[in-house]
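A short write-up of the structure that comes next.
The values are calculated or read from the model by the stated rules, or taken from the named source; none is laboratory data. Note that the structure is a prediction, hence the values are computed from the model and not measured. Quick reminder, even Gly has a Cβ in these numbers, built from the backbone with ideal geometry, and neighbours come from all protein chains shown.
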Amino acid sequence: MTTSADIRFDRFPRFEELTEWLHALAAESNGQLELSTIGHSYEGRELWLATVTNPATGSHDQKPALWIDGNIHASELTAATACLHLLHSLVTRYGSDEKVTRAVDRRTFYVVPRVNPDGAELALAELPQIVRSTVRPWPRTEQQPGFVSDDIDHDGRLLQMRVEDPNGSWKPLASHPRLLVSRAPDEDGPGPYYRLLREGTVEQYDGVLVPQAPLLAGLDSNRNFPVDWRRHPAQPSVFGSGDFPTSEPEVRAVVQAVVDRPNITSYLAYHTWSGVHLRPYDNQSDDAMPTPDLRMYKALGDKMTAITGYPSISVYHGFRYDPKDVITGTGSGWAYDQLGLISWTTEFWSPLRAAGLDDAHPIDWYIDHPLDEELQLLAWVEENAPDGYVDWYSFDHPQLGAVELGGWNNAAVFRNPPPALLEAEIAPHTEAMVFHALIAPELRLHSTEVVALGDGSWRVRLVVENAGWLPTNVTSKAIERKVAQEVEATIALPDGVTLAAGSTVVKMGHLAGRIGRTTSIGMFAGLNDLTSDRAKAEWVVVGPPGSVVQLTAATPRAGAVHAAVTLGA
């Protein structure tokens, strides 16, 4: 029988083993981890949802919550393992770790470790195949002519393929002959020169041309969310965004599950690779973001960096694949822009930073970089990931004839960290998620009061406060979108007691968090720490002494408080 002790963080589990691990954690959690599904993948696999909270301190849906999902992209397997590490820590450290215990007692974690189990199974197969997201054939159902990536020698690796060609763009580096570098713009001569391709085959090869075949599984599920979803007039979609927003069952399940849980305050999406925390906007400048939200993101980003070592950057300002285009239809973009949740995309693992290239841009480096930096990376790979760069070896290609396979092994270096480094890479992010949960807004009872007014009348007062760092609305965007419910106080009267003044339900507004009451200039500029975190509701009731009146204040994103007051006590 699988137990938590069997869970390993130096490898990537396939779906069956991942399922066993989740059930083992649920069995050992004393009811604090409940396992359910939010739906099924295209091929019918469960989309497991782990809900973690202490039921003895309240229902999961009555506490501020964090949503974390991972592995929406097929080969980004670190994401699922990071989710499992978080769940393992919440279960096994409860009772011994103060912050974990407080988070499980007073918060809820909703965790979907693998949003895309079908694609991950392909990536983890004995003969791996790499698709961007799901395996659903799209936008066509039949393979088109051209180059198709494939493990042609069936050795379980997807390497590079070099073909000697006088017009090739690559040549061996004289000091490191196994490393290929680009020819100089004005270079000519005897070579040898090579045409560099991914390992693969050429469908319907005509003996001359090697065009790129359109992808058979061309979806990118992280472009399928309902925010600024785009089609291109001349193409079926942009970036594999699907037939319409949430056309893919996995994305539709995530969207529905998040919307069905209005107590969620933050949405975290786990990906690879770059070693960064990405924040909104994807498609707009920081100038478009409400100022309080921008300040909040910058403060949170500094803290996330301090915990994990990953820099925090804006997608729009620092993580665009094309400087003249923007990214749209992402999960984190949707969560912030449409729901007003704090949202982050964590891109795990930077081989560049591991190799000491601390200033390398997470995207631009792969387009162009100095030769000495590639040699630095290669030296690190040779020491830490020996299978990361493979010596070239001959292969008789079924279409191209004599070729050589070798070069960079993407799966061993770039997509995910080497297994020996995996746990050290993901562990700090568990601490970051516990921190993120604990900064959520949290309603707390400040005081109650009953004052006799004479003639059997009583003034009843309820005062609550927000004990969290974040405001009860979480973001200003949530107010702009009208998706954050303000705090409401309600009074429930027993038989024989009537309401003489006030409404049964009292709107108390949104309550500030500590972030709204502290600034770096506050102590110098004479600003006051006023009671914007506090609100009161008052009623006048008529009834006999000894009657018990029930009071409640609640808002989905900050939980609820309950109090019972006795008239005349």
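Do any residues in segment 21-32 that are without any contact (Cβ under 8 Å) to a residue 40 or more places away in the chain have Cβ atoms under 6 Å from those of residues that are in a loop (DSSP other than H, G, I, E, B), where the two are at least six apart or on different chains, and which pairs are they?
ALA24/THR2; ALA24/THR3
So which residues in segment 478-499 are modelled with pLDDT of 95 or more, touching a strand residue (DSSP E or B) at 6+ places or on another chain (Cβ under 9 Å) and of a type in the set (Gly, Ala, Ser)?
ALA489, ALA492
Anything in segment 143-192 that is among the charged types (D, E, K, R) and assigned to a loop (DSSP other than H, G, I, E, B)? List them, or say none. Spell out how you get there, then give the answer.
Quick first cut of segment 143-192, residues among the charged types (D, E, K, R) only: 150-151, 153, 155, 157, 162, 164-165, 171, 178, 183, 186-188.
Correct list: ASP150, ASP151, ASP153, ASP155, ARG157, ASP165, ARG183, ASP186, GLU187, ASP188.
Of (1) crowded, with 18+ Cβ neighbours inside 10 Å; (2) over 26 Å from ARG178 (Cβ atoms); (3) among the charged types (D, E, K, R); (4) not assigned by TED's automatic domain parsing to the domain that holds SER241, GLU404 satisfies all except one. Which?
All conditions pass for GLU404, except number (2).
Please determine, by comparing only the residues of segment 176-225 that are in contact with a Phe, Trp or Tyr (Cβ under 6 Å, 6 or more places away or on another chain) and within 30 Å of SER343 (Cβ to Cβ), which one is surrounded by the fewest Cβ atoms within 10 Å (Cβ to Cβ).
Step by step, filter segment 176-225, then rank; the result is GLY218.
Can you pull out every residue in segment 386-401 that is over 12 Å from LEU197 (Cα atoms) and touching a residue at least 40 places away in the same chain (Cβ under 8 Å)? Step through it out loud before you land on a result.
Step one: list which residues in segment 386-401 are over 12 Å from LEU197 (Cα atoms), which gives 386-399, 401.
Within segment 386-401, ASP387, TYR389, VAL390, ASP391, TRP392, PHE395, HIS397, PRO398, GLN399 qualify.
How many of the residues making up segment 408-454 are in contact with a His (Cβ under 7 Å, 6 or more places away or on another chain) and among the β-branched types (Val, Ile, Thr)?
2
When segment 362-373 is examined, which residues are found to be closer than 13 Å to TYR321 by Cβ and in contact (Cβ under 8 Å) with a residue 40 or more places away in the chain?
PRO362, ILE363
Could you pull out the residue among THR472, THR498, THR430 that is among the hydroxyl-bearing types (Ser, Thr, Tyr), surrounded by 16 or more Cβ atoms within 10 Å (Cβ to Cβ) and more than 28 Å from PRO311 (Cβ to Cβ)? Step through it out loud before you land on a result.
On the way: THR498 fails: surrounded by 16 or more Cβ atoms within 10 Å (Cβ to Cβ); THR430 fails: more than 28 Å from PRO311 (Cβ to Cβ).
Matching residue, one of THR472, THR498, THR430: THR472.
Which one of these is within 26 Å of ASP118 (Cα to Cα) and without any contact (Cβ under 8 Å) to a residue 24 or more places away in the chain: SER247, SER343?
It is SER247.
Quick check on my filter: what residues within segment 411-464 are farther than 30 Å from ALA385 by Cβ and of a type in the set (Ser, Thr, Tyr)?
Result: SER447, THR448, SER457.
I'm trying to understand the selection: among the residues of segment 251-265, which are part of a helix (DSSP H, G or I) and more than 14 Å from ASP69 (Cα to Cα)?
Of the residues in segment 251-265, the ones part of a helix (DSSP H, G or I) are 251-259.
Once the filter is applied, which keeps residues that are part of a helix (DSSP H, G or I) and more than 14 Å from ASP69 (Cα to Cα), segment 251-265 yields only VAL259.
Can you name the number of the only condition in (1) in a loop (DSSP other than H, G, I, E, B); (2) touching a helix residue (DSSP H, G or I) at 6+ places or on another chain (Cβ under 6 Å); (3) within 27 Å of HIS510 (Cα to Cα) that MET433 fails?
The single condition MET433 does not satisfy is (1).
Any residue at all in segment 284-292 that is of a type outside the set (A, V, I, L, M, F, W, C), in contact with a strand residue (DSSP E or B) (Cβ under 8 Å, 6 or more places away or on another chain) and within 24 Å of GLU431 (Cβ to Cβ)?
Initial filter on segment 284-292 (of a type outside the set (A, V, I, L, M, F, W, C)): 284-287, 290-292.
From the residues that got through so far, the ones that are in contact with a strand residue (DSSP E or B) (Cβ under 8 Å, 6 or more places away or on another chain) too are 286.
Filter once more, so that each one left must be within 24 Å of GLU431 (Cβ to Cβ): none.
Scanning segment 284-292, I find no residue that is of a type outside the set (A, V, I, L, M, F, W, C), in contact with a strand residue (DSSP E or B) (Cβ under 8 Å, 6 or more places away or on another chain) and within 24 Å of GLU431 (Cβ to Cβ), so the answer is no.
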